[in-house]
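**Q** I'd like to ask some things about the structure below.
The numbers here are math on the coordinates, done by the rules we state, and not lab data. Computed from a predicted model, the values in this text were never measured in an experiment. Glycine gets a Cβ as well: all are built from the backbone with ideal geometry, and neighbour counts include every protein chain shown.
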Amino acid sequence: MSTRPGLWLCAFGAAVAVFLIAPSVIVVVMSFSSGKILLFPPPGFGVEWYANFFRSEEWVGSALNSLEIALLSSMLATVLGTVTAFGLVRGRPRTAQITNAIMLSPLIVPLVVTAIGMYFTYHMLGLGAYAGIVAAHTTLGLPYVVVTVAASLYGLDADLELAARNLGANPWRGFFRITLPLIMPGVAIGGIFAFVSSWDEVVVALFLTTPTLRTLPVTMWEQTKSTVDPTIAAASSLLTTFTLFLLLISVTLRRFSAGMAKERVA
């Protein structure tokens, strides 16, 4: 009798997994279609549309724009988020709860509301399209870094930093020589999540990009309204594959961080 709830739970989990994964699988299958339009099941299979993606200046240019913006915004979010998390955890200011709420607000406020606010704010400040979208994606990626780095700092013994200061290290030297190396897996995970949030983001980008500066998700959105060839399925598959690769790296780093924590405790 005790095994039945477990079986039902496994069946329910499998059904949910199929429901979530099936659309992506269908898109991947259609990306290898030999037909001229998006059709499932495809009439045949080939890699023509992947070749078409890499031959198109519009698709490749959009992908490079997304990569460049995601790299820059994730680096800025990682630096700012690490400093913010350190100040919140170690400084313990009286306004810590309010600051945490502000840091997490991009994840709570509806994205379209955030996009409209960013559009008018950056327009009044005179920011160009490139600087505006980098600033926007940095803001959207900041909460991921703050949360992951703060979790790493809470799991780090503060006595290690005090010992470094007692041995003559100033706060900056103690941070870079002791604290930062120990929390680096958490910093890296936060940076990866910040990169992914920028790499996949489309709502804010629709407001901020221009005809001469488009990210890959924006180009995919525009193409769905004008074309029906499977190139968009190939682009979606490449976008998903790269995202899954980054998430796999984050899982590996998380396990590595957990292993390091166990070694410190032992």
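**Q** Kindly establish whether Ser73 is buried (at least 18 other Cβ atoms within 10 Å of the Cβ) and in contact with a His (Cβ under 8 Å, 6 or more places away or on another chain).
**A** Yes, satisfied.
**Q** In the list Val113, Val60, Val79, which residue meets the criterion of being over 30 Å from Met220 (Cα atoms) and assigned to a helix (DSSP H, G or I)?
**A** None of the others qualify; the one that does is Val79.
**Q** Search the range 26-55 for residues being surrounded by 15 or more Cβ atoms within 10 Å (Cβ to Cβ) and among the hydroxyl-bearing types (Ser, Thr, Tyr), and hand back the single one that is farthest from the chain's Cα centre (by Cα).
**A** Per the criteria, the residue is Ser33.
**Q** Now, a different point. Give me a count of the residues in the range 47-106 that are within 29 Å of Ala235 (Cβ to Cβ) and of a type in the set (Val, Ile, Thr).
**A** 4
**Q** Filtering the range 191-211 down to residues that are over 16 Å from the mean Cα position of the chain (by Cα) and touching a residue at least 24 places away in the same chain (Cβ under 8 Å), which residue is surrounded by the most Cβ atoms within 10 Å (Cβ to Cβ)?
**A** Leu208
**Q** All but one of (1) without any contact (Cβ under 8 Å) to a residue 40 or more places away in the chain; (2) surrounded by fewer than 18 Cβ atoms within 10 Å (Cβ to Cβ); (3) not in a loop (DSSP other than H, G, I, E, B) hold for Pro106, so report the exception by its number.
**A** So Pro106 meets the others, but not (2).
**Q** Inside the range 217-236, can you point out the residues that are surrounded by fewer than 22 Cβ atoms within 10 Å (Cβ to Cβ) and under 9 Å from Ser31 (Cβ atoms)?
**A** Of everything in the range 217-236, just one residue is surrounded by fewer than 22 Cβ atoms within 10 Å (Cβ to Cβ) and under 9 Å from Ser31 (Cβ atoms), namely Ser236.
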